[in-house]
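Working notes, beginning with the structure itself.
The values are calculated or read from the model by the stated rules, or taken from the named source; none is laboratory data. Small disclaimer: the values here were computed from a predicted structure and weren't measured. Reconstructed Cβ throughout: ideal geometry from the backbone, glycine too, with neighbour counts over all protein chains shown. What goes into the accessible areas is simple: the full protein's heavy atoms, side chains included, and nothing from ligands, DNA or RNA. Shrake-Rupley method; radii C 1.70, N 1.55, O 1.52, S 1.80 Å.
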Amino acid sequence: MSFYLAETPTLEAVATEDERELAQDLKARVAEAVEQAESHTAVGEAAGAQQQAENRLERLRAAERALTLHAKESREWVVETSAKALEGLVEAAAAGNLEFKKLDELAAGEAQIRTLGLALEKLAEHLIPRAQIASLREEAHALETRARALERIAQERAEKVLKQLRGAVSEEMVLPVDMSKGVAGALLSRAAGLKRLAVQVSENADRIERSYHVMQGDRVMQGDRRGA
(Lines give C-alpha, C1' and ligand atoms only; values in the text may rest on other atoms or scores of the structure.)
Protein backbone atom coordinates (compact mmCIF):
# COMPACT_ATOMS: atom_id res chain seq x y z
CA MET A 1 0.00 0.00 0.00
CA SER A 2 1.38 3.42 -1.01
CA PHE A 3 -0.05 6.80 -0.18
CA TYR A 4 1.01 10.43 0.12
CA LEU A 5 -0.37 11.74 3.40
CA ALA A 6 -0.17 15.41 2.38
CA GLU A 7 -2.61 14.73 -0.45
CA THR A 8 -4.65 11.91 1.15
CA PRO A 9 -5.03 12.48 4.89
CA THR A 10 -7.90 9.98 5.08
CA LEU A 11 -6.58 6.43 5.11
CA GLU A 12 -8.49 3.19 4.66
CA ALA A 13 -7.07 -0.08 5.91
CA VAL A 14 -8.46 -3.29 4.40
CA ALA A 15 -7.91 -6.92 5.27
CA THR A 16 -6.81 -7.71 1.71
CA GLU A 17 -6.16 -5.83 -1.53
CA ASP A 18 -8.18 -8.42 -3.47
CA GLU A 19 -11.62 -6.80 -3.73
CA ARG A 20 -13.34 -10.07 -4.68
CA GLU A 21 -11.86 -11.91 -1.73
CA LEU A 22 -12.68 -8.97 0.52
CA ALA A 23 -16.33 -8.97 -0.59
CA GLN A 24 -16.65 -12.74 -0.11
CA ASP A 25 -15.10 -12.59 3.33
CA LEU A 26 -17.34 -9.71 4.34
CA LYS A 27 -20.42 -11.62 3.12
CA ALA A 28 -19.37 -14.72 5.06
CA ARG A 29 -18.75 -12.79 8.28
CA VAL A 30 -22.10 -11.01 7.99
CA ALA A 31 -23.87 -14.34 7.43
CA GLU A 32 -22.13 -15.77 10.49
CA ALA A 33 -23.21 -12.79 12.59
CA VAL A 34 -26.80 -13.07 11.33
CA GLU A 35 -26.84 -16.76 12.26
CA GLN A 36 -25.55 -15.80 15.70
CA ALA A 37 -28.36 -13.27 16.07
CA GLU A 38 -30.95 -15.87 15.06
CA SER A 39 -29.72 -18.15 17.85
CA HIS A 40 -30.49 -15.58 20.56
CA THR A 41 -33.20 -16.71 22.97
CA ALA A 42 -35.34 -13.60 22.50
CA VAL A 43 -35.21 -13.97 18.71
CA GLY A 44 -36.22 -17.63 18.93
CA GLU A 45 -39.10 -16.87 21.28
CA ALA A 46 -40.37 -14.06 19.06
CA ALA A 47 -40.14 -16.29 15.99
CA GLY A 48 -42.04 -19.03 17.84
CA ALA A 49 -44.80 -16.63 18.85
CA GLN A 50 -45.05 -15.40 15.27
CA GLN A 51 -45.33 -18.96 13.97
CA GLN A 52 -48.08 -19.79 16.45
CA ALA A 53 -50.06 -16.72 15.41
CA GLU A 54 -49.61 -17.55 11.72
CA ASN A 55 -50.68 -21.16 12.34
CA ARG A 56 -53.86 -20.04 14.10
CA LEU A 57 -54.70 -17.68 11.24
CA GLU A 58 -54.16 -20.45 8.69
CA ARG A 59 -56.33 -22.87 10.68
CA LEU A 60 -59.15 -20.33 10.78
CA ARG A 61 -58.86 -19.70 7.04
CA ALA A 62 -58.89 -23.46 6.42
CA ALA A 63 -62.02 -23.72 8.59
CA GLU A 64 -63.63 -20.93 6.57
CA ARG A 65 -62.89 -22.76 3.30
CA ALA A 66 -64.26 -26.05 4.66
CA LEU A 67 -67.44 -24.44 6.02
CA THR A 68 -67.98 -22.50 2.80
CA LEU A 69 -67.77 -25.70 0.79
CA HIS A 70 -70.10 -27.51 3.19
CA ALA A 71 -72.60 -24.64 3.07
CA LYS A 72 -72.57 -24.71 -0.74
CA GLU A 73 -73.21 -28.46 -0.77
CA SER A 74 -75.97 -28.09 1.83
CA ARG A 75 -77.73 -25.38 -0.18
CA GLU A 76 -77.62 -27.54 -3.30
CA TRP A 77 -79.03 -30.47 -1.31
CA VAL A 78 -81.84 -28.33 0.10
CA VAL A 79 -82.82 -27.06 -3.36
CA GLU A 80 -82.90 -30.58 -4.76
CA THR A 81 -84.64 -32.09 -1.74
CA SER A 82 -87.18 -29.28 -1.53
CA ALA A 83 -88.50 -29.99 -5.02
CA LYS A 84 -88.71 -33.72 -4.37
CA ALA A 85 -90.31 -33.24 -0.95
CA LEU A 86 -93.07 -31.04 -2.36
CA GLU A 87 -93.78 -33.50 -5.14
CA GLY A 88 -93.83 -36.36 -2.62
CA LEU A 89 -96.17 -34.44 -0.31
CA VAL A 90 -98.63 -33.78 -3.12
CA GLU A 91 -98.56 -37.43 -4.21
CA ALA A 92 -98.96 -38.66 -0.61
CA ALA A 93 -101.90 -36.32 -0.03
CA ALA A 94 -103.51 -37.53 -3.22
CA ALA A 95 -103.12 -41.10 -2.04
CA GLY A 96 -104.53 -40.22 1.37
CA ASN A 97 -101.29 -41.09 3.15
CA LEU A 98 -99.54 -37.90 4.28
CA GLU A 99 -95.86 -38.36 5.13
CA PHE A 100 -93.83 -35.43 6.59
CA LYS A 101 -90.50 -37.20 7.06
CA LYS A 102 -88.93 -35.53 4.03
CA LEU A 103 -90.13 -32.14 5.26
CA ASP A 104 -88.47 -32.74 8.61
CA GLU A 105 -85.21 -33.59 6.83
CA LEU A 106 -85.58 -30.44 4.74
CA ALA A 107 -86.13 -28.30 7.85
CA ALA A 108 -83.03 -29.85 9.43
CA GLY A 109 -81.02 -29.04 6.31
CA GLU A 110 -82.21 -25.43 6.29
CA ALA A 111 -81.35 -25.11 10.00
CA GLN A 112 -77.89 -26.46 9.24
CA ILE A 113 -77.40 -23.86 6.53
CA ARG A 114 -78.37 -21.08 8.95
CA THR A 115 -75.90 -22.42 11.53
CA LEU A 116 -73.14 -22.63 8.92
CA GLY A 117 -73.90 -19.07 7.91
CA LEU A 118 -73.55 -17.87 11.49
CA ALA A 119 -70.24 -19.72 11.83
CA LEU A 120 -68.92 -18.20 8.60
CA GLU A 121 -70.06 -14.76 9.70
CA LYS A 122 -68.21 -15.13 13.00
CA LEU A 123 -65.08 -16.26 11.18
CA ALA A 124 -65.16 -13.51 8.56
CA GLU A 125 -66.21 -10.64 10.82
CA HIS A 126 -64.42 -11.46 14.07
CA LEU A 127 -62.09 -14.45 14.34
CA ILE A 128 -60.07 -14.07 11.14
CA PRO A 129 -59.57 -10.26 11.36
CA ARG A 130 -58.45 -10.52 14.99
CA ALA A 131 -56.14 -13.44 14.17
CA GLN A 132 -54.69 -11.52 11.23
CA ILE A 133 -54.03 -8.49 13.42
CA ALA A 134 -52.36 -10.69 16.06
CA SER A 135 -50.24 -12.40 13.39
CA LEU A 136 -49.03 -9.08 12.01
CA ARG A 137 -48.26 -7.78 15.51
CA GLU A 138 -46.16 -10.87 16.23
CA GLU A 139 -44.38 -10.53 12.88
CA ALA A 140 -43.50 -6.89 13.60
CA HIS A 141 -42.26 -7.85 17.07
CA ALA A 142 -40.12 -10.65 15.62
CA LEU A 143 -38.58 -8.27 13.08
CA GLU A 144 -37.81 -5.71 15.79
CA THR A 145 -36.26 -8.40 17.98
CA ARG A 146 -34.01 -9.61 15.16
CA ALA A 147 -32.99 -6.00 14.44
CA ARG A 148 -32.05 -5.40 18.08
CA ALA A 149 -30.01 -8.63 18.14
CA LEU A 150 -28.09 -7.52 15.05
CA GLU A 151 -27.48 -4.09 16.58
CA ARG A 152 -26.09 -5.68 19.74
CA ILE A 153 -23.69 -7.84 17.73
CA ALA A 154 -22.61 -4.81 15.69
CA GLN A 155 -22.03 -2.88 18.92
CA GLU A 156 -19.93 -5.71 20.36
CA ARG A 157 -17.83 -5.87 17.19
CA ALA A 158 -17.30 -2.10 17.22
CA GLU A 159 -16.19 -2.16 20.85
CA LYS A 160 -13.77 -5.00 20.08
CA VAL A 161 -12.29 -3.10 17.13
CA LEU A 162 -11.86 0.07 19.16
CA LYS A 163 -10.16 -1.89 21.91
CA GLN A 164 -7.69 -3.30 19.39
CA LEU A 165 -7.03 0.20 17.99
CA ARG A 166 -6.07 1.74 21.31
CA GLY A 167 -2.39 1.20 20.59
CA ALA A 168 -2.64 3.18 17.36
CA VAL A 169 -4.70 5.87 19.05
CA SER A 170 -2.03 6.33 21.71
CA GLU A 171 0.45 7.09 18.91
CA GLU A 172 -1.73 9.44 16.87
CA MET A 173 -3.93 10.80 19.72
CA VAL A 174 -7.07 10.88 17.57
CA LEU A 175 -7.98 8.21 15.03
CA PRO A 176 -11.46 8.41 13.44
CA VAL A 177 -12.92 5.04 12.49
CA ASP A 178 -15.69 4.54 9.93
CA MET A 179 -17.51 1.29 10.78
CA SER A 180 -20.11 1.65 8.03
CA LYS A 181 -18.11 -0.24 5.39
CA GLY A 182 -17.29 -3.28 7.50
CA VAL A 183 -19.19 -6.13 9.09
CA ALA A 184 -20.66 -3.96 11.83
CA GLY A 185 -21.91 -1.45 9.27
CA ALA A 186 -23.48 -4.20 7.17
CA LEU A 187 -25.23 -5.55 10.28
CA LEU A 188 -26.56 -2.11 11.18
CA SER A 189 -27.81 -1.66 7.62
CA ARG A 190 -29.61 -4.99 7.77
CA ALA A 191 -31.08 -4.10 11.18
CA ALA A 192 -32.35 -0.79 9.78
CA GLY A 193 -34.04 -2.68 6.94
CA LEU A 194 -35.73 -5.02 9.40
CA LYS A 195 -36.94 -2.05 11.44
CA ARG A 196 -38.42 -0.40 8.36
CA LEU A 197 -40.20 -3.63 7.47
CA ALA A 198 -41.46 -3.94 11.06
CA VAL A 199 -42.95 -0.45 10.82
CA GLN A 200 -44.72 -1.34 7.57
CA VAL A 201 -46.13 -4.55 9.05
CA SER A 202 -47.24 -2.71 12.20
CA GLU A 203 -48.94 0.00 10.12
CA ASN A 204 -50.75 -2.71 8.16
CA ALA A 205 -51.97 -4.20 11.44
CA ASP A 206 -53.14 -0.75 12.55
CA ARG A 207 -55.06 -0.28 9.30
CA ILE A 208 -56.83 -3.64 9.62
CA GLU A 209 -57.59 -2.98 13.29
CA ARG A 210 -59.11 0.42 12.50
CA SER A 211 -61.27 -1.13 9.78
CA TYR A 212 -62.35 -3.87 12.16
CA HIS A 213 -63.44 -1.41 14.84
CA VAL A 214 -65.24 0.75 12.29
CA MET A 215 -67.17 -2.29 11.07
CA GLN A 216 -68.05 -3.29 14.61
CA GLY A 217 -69.22 0.24 15.36
CA ASP A 218 -71.40 0.24 12.25
CA ARG A 219 -73.00 -3.05 13.30
CA VAL A 220 -73.71 -1.72 16.79
CA MET A 221 -75.40 1.36 15.30
CA GLN A 222 -77.44 -0.81 12.94
CA GLY A 223 -78.49 -3.00 15.86
CA ASP A 224 -79.52 0.07 17.86
CA ARG A 225 -81.65 1.35 14.96
CA ARG A 226 -83.36 -2.03 14.58
CA GLY A 227 -84.01 -2.09 18.33
CA ALA A 228 -85.54 1.35 18.18
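Residues that are aliphatic (A, V, I, L, M) and loosely packed, with under 14 Cβ neighbours inside 10 Å were ranked within segment 48-80; the one that is farthest from Ile113 (Cα to Cα) is Ala62. Contact annotation: residue pairs with Cβ atoms under 9 Å, 6 or more positions apart or on different chains, pairing a residue in segment 184-206 that is more than 21 Å from Glu54 (Cβ to Cβ) and part of a helix (DSSP H, G or I) with a partner that is modelled with pLDDT under 95 and among the basic types (Lys, Arg), are Ala184/Arg157; Ala186/Lys27; Ala186/Arg29; Leu187/Arg157. Residues considered: Ala168, Ala131, Ala154. Of these, the only one that is at pLDDT below 95, touching a helix residue (DSSP H, G or I) at 6+ places or on another chain (Cβ under 6 Å) and either not in a helix (DSSP H, G or I) or not aromatic (Phe, Trp, Tyr) (or both) is Ala154.
All of Glu38, Glu17 fail the test of being acidic (Asp, Glu), modelled with pLDDT under 85 and surrounded by fewer than 16 Cβ atoms within 10 Å (Cβ to Cβ), apart from Glu17. For Glu45, the test of being modelled with pLDDT of 95 or more, open to solvent by 40 Å² or more (accessible area, probe 1.4 Å), of a type in the set (D, E, K, R) and under 23 Å from Ile128 (Cα atoms) is failed.
Filtering Leu187, Leu175, Leu194 for residues that are at pLDDT below 90, surrounded by 12 or more Cβ atoms within 10 Å (Cβ to Cβ) and not acidic (Asp, Glu) leaves a single hit, Leu175. One residue stands out in segment 198-228 among those that are among the hydrophobic types (A, V, I, L, M, F, W, C) and open to solvent by 50 Å² or more (accessible area, probe 1.4 Å): the one that is modelled with the highest pLDDT, namely Val199.
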